[in-house]
Amino acid sequence: MDKIKTLKQWVDGSDNIVFFGGAGVSTESGIPDFRSVDGLYNQKFDYPPETMLSHSFYISHTEEFYKFYKEKLLPIGYKPNAAHYKLAELEAAGKVKAVVTQNVDGLHTAAGSKKVYELHGSVYRNYCQKCGKSYDLDFVANSVGVPKCSCGGTIKPDVVLYEESLDGGTIDGAVEAISKADVFIIGGTSLTVYPAAGLIRYYKGNKLVLINRDPTPYDSHADLVINRSIGEVFSQI
């Protein structure tokens, strides 16, 4: 039987679906996945992306961090794609109970999803490290050099950098949603980044769906594997 037909049947028959997505969900909106184009970035910057997006680099090279961050991570001008809109539509229909994402671009929220667990934070939230005042994306994007608060403190994006811990409350919420799910759909992720990839073990059901262009280490654990683009699949269910 056609795999997308099977997925559609599972979706049609469930009111307790959780979706877990990675960079592949956003690349279809045009947002680059820096992991796959390291070479390109290294031509322009003096350090690998993983180094520049680490906590220690943010502390020791704040200006260089912001140069890279503003140029490569701010999703200005990008719009949600078919997958984002379908998930929001399924949530509004009472089917999708939560979206768990590794992305920081806010596109799930922009598409209309309400229950979104952003494991790695969001570029839309920024705060002063000195007084805690909040700042929006535009303030950071339009700042010159390192964005500063009115109190003089440095503004930091609410994004989980390498070497930083994930937010405990966000993890707890995601784990609870996944553990109660009837259908668990994972899309656009290679399932190699931890601790996020470890969330798969909390799913107790028998409708685990993996949608990714390339094979993942968990394909043998899945009940349904679809090696196609996430937008293409979601536009058919």
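The values are calculated or read from the model by the stated rules, or taken from the named source; none is laboratory data. Please read all numbers here as calculations on a predicted model, not as lab measurements. Reconstructed Cβ throughout: ideal geometry from the backbone, glycine too, with neighbour counts over all protein chains shown. Side chains are part of the model used for accessible areas, which takes the heavy atoms of the whole protein and leaves out ligands, DNA and RNA. Shrake-Rupley method; radii C 1.70, N 1.55, O 1.52, S 1.80 Å.
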_In sequence order, calculated HN-Hα J values of region 46-57 (Karplus, 6.51, -1.76, 1.60; Hz; x Gly/Pro)_ = 7, 9, x, x, 4, 5, 5, 9, 9, 4, 5, 5
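Can you give the extra length, in nm with one decimal, that the chain gains between T154 and D33 once fully stretched, where that is 0.36 nm per residue apart less the Cα-Cα distance?
Numbers: separation 121, 0.36 × 121 = 43.56 nm, distance 2.72 nm.
Full-extension gain reported as 40.8 nm.
Find the Cα radius of gyration of region 116-166, compare it with 2.2 N^0.38 Å by division, and give the number to two decimals.
Working: Rg = 11.2 Å, N = 51, 2.2 N^0.38 = 9.8 Å.
Dividing the Cα Rg of region 116-166 by 2.2 N^0.38 Å gives 1.14.
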*Which percent of Cα-Cα pairs in region 1-142 sits in each 5 Å bin, short to long?*
2, 9, 16, 18, 18, 14, 10, 7, 5, 2, 1, 0
*Helix-only [θ]222 nm of the chain, DSSP H runs n ≥ 4, -39500 (n - 2.57) each, per residue, nearest 500*: -9000 deg cm²/dmol
_Inter-probe distance in nm under a simple model that places probes 7 Å from Cα toward Cβ, at V144 and K130_ = 1.9
*Label points 7 Å out from Cα along the Cβ direction at D15 and S60: separation in nm?*
5.5
*Counting only heavy atoms of protein chains, what accessible area per residue, in Å², does the chain have with a probe of 1.4 Å?*
47
_Percent antiparallel among DSSP beta bridges (both partners in region 35-169, rounded to 5)_ = 65
*By how many degrees, 0 to 90 and rounded to 10, does the Cα axis of helix 168-180 deviate from the longest principal axis of the chain?*
10
*Roll a 1.4 angstrom probe over the protein heavy atoms and tell me the percent of accessible area of region 47-138 that is carbon or sulfur.*
54
*State, in angstrom, two size descriptors of the chain derived from its alpha carbons: Rg to one decimal place and Dmax to the nearest whole number.*
18.3, 62
*Rg (Å, one decimal) plus Dmax (Å, integer) for the alpha carbons of region 102-232?*
17.6, 54
*Round to the nearest 0.05 the FRET efficiency obtained for E163 and S235 when R0 = 22 Å and r is the Cβ-Cβ distance.*
0.05
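What is the chain's relative contact order, in percent, from Cα pairs under 8 angstrom and six or more apart in sequence? Don't skip to the end; give the middle numbers.
Working: 419 pairs, mean separation 60.1, N = 237.
Relative contact order for the chain comes out at 25 percent.
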